[in-house]
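Okay, structure first, notes after.
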Amino acid sequence: MKHIARWVLIATMSAAAAACSMNDGKEGPAERTASNAGRVVDDSVITGKVKAALVADPTTKAHQISVETFKGVVQLSGFVDSNEARTRASQVAGNVEGVKNVKNDLELRN
């Protein structure tokens, strides 16, 4: 019985995957909206992961750093106390899964 259920599940998933791939590269309004919604969610997840990584790093003092993400590009802004913290923030953000590029707009606090 387990084997039959497993094969039914595999067949159903295969049929669903085939149906999803049958749009011949044409993307309608619903697909574009879903794609944009997926990107926004992905960007939000990346932002959260970068913030968590900055908080976990003792050099970066994450509470002084703002993080924004658009299409996988992370922008860091705010103030840090040293060049070391500025450089380290870029390194930490760049090591987060999904980050394509880091734009470091951090400024040194006087």
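All of the numbers you see were taken from the coordinates with simple rules; none came from a lab. Bear in mind the structure is a predicted one, so any value in this text is a computation, not a measurement. Quick reminder, even Gly has a Cβ in these numbers, built from the backbone with ideal geometry, and neighbours come from all protein chains shown.
Per-residue answers, yes or no, for (1) aliphatic (A, V, I, L, M); (2) closer than 13 Å to Glu107 by Cα; (3) touching a Gly at 6+ places or on another chain (Cβ under 9 Å):
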{"site": "Val55", "(1), (2), (3)": "yes, no, no"}
{"site": "Thr60", "(1), (2), (3)": "no, yes, no"}
{"site": "Ile65", "(1), (2), (3)": "yes, yes, yes"}
{"site": "Phe70", "(1), (2), (3)": "no, no, no"}
{"site": "Gln75", "(1), (2), (3)": "no, yes, no"}
{"site": "Thr87", "(1), (2), (3)": "no, yes, no"}
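For the stretch 51-97, give me the residue count where each residue is within 12 Å of the chain's Cα centre (by Cα), of a type in the set (Gly, Ala, Ser) and not in a helix (DSSP H, G or I).
The number of residues fulfilling the criteria is 1.
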